[in-house]
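Note sheet for the following structure.
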Amino acid sequence: MVNYINYILTIIGVFFIILSLFLIISEKIKGNNIYYNLQVKEKELRKAIDEAQDMINELVYTSEIIVDEIENYISSKKQFINNEDFSDIKKISNAEVKSGEIKNEKIIDDCIDENKKIGESFKNKILERRESKYEEVHKLLNQGLSIDEIAKKLKMGKGEVKLIITLDRGISNNENI
């Protein structure tokens, strides 16, 4: 009877050894699968990061183009506003006076003066609006607020706030807009 117990215990021991080997192998396979899955996920994340970086680069390029276009537009408007002599109007006026269509030079001068006043008031309004926005943005920036907070507080876009800060830095560094 003791021999039977030894045989049974030996068979049970061998069974547990085989079972443990099977479990070890299955866990190793699962571990390799997990490692493989992690590698796949890592590759997917790297691909997503690269795509996001490409999109960021495209947005930066696009924003630079937009800023350049805005700067060119502003400079052309400044040149138009600063051109106070209205030489084209004077040439037309002189030509009309010579041809006899307009005989009263006072009317011409009044028109020129009126155009100058309109140009000045337009220029002043633009400068006032721009300066008030600049002042508000820089006041809040000096108070330590972030660009996001400034944009929310002034109900402006983040890009607009960044543009104001960037343009003002350009002006303060004597760069032409």
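The values are calculated or read from the model by the stated rules, or taken from the named source; none is laboratory data. Being a predicted model, the structure only gives us computed values, none of them experimental. Cβ sites come from the backbone with ideal geometry, for glycine too, and all protein chains shown count toward neighbours.
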Review point. Given the residues Ile177, Ile164, Ile102, which is the only one that is of a type in the set (A, V, I, L, M, F, W, C), at pLDDT below 65 and surrounded by 15 or more Cβ atoms within 10 Å (Cβ to Cβ)?
Key: Ile102
Review point. Within region 130-160, which residues are part of a loop (DSSP other than H, G, I, E, B) and either touching a Pro at 6+ places or on another chain (Cβ under 6 Å) or surrounded by 13 or more Cβ atoms within 10 Å (Cβ to Cβ) (or both)?
Key: Leu145, Met156
Exercise for review: Please specify each residue of region 24-65 satisfying the condition of being among the aliphatic types (A, V, I, L, M) and more than 30 Å from Leu163 (Cβ to Cβ).
Suggested key: Ile24, Ile25, Ile29, Ile34, Leu38, Val40, Leu45
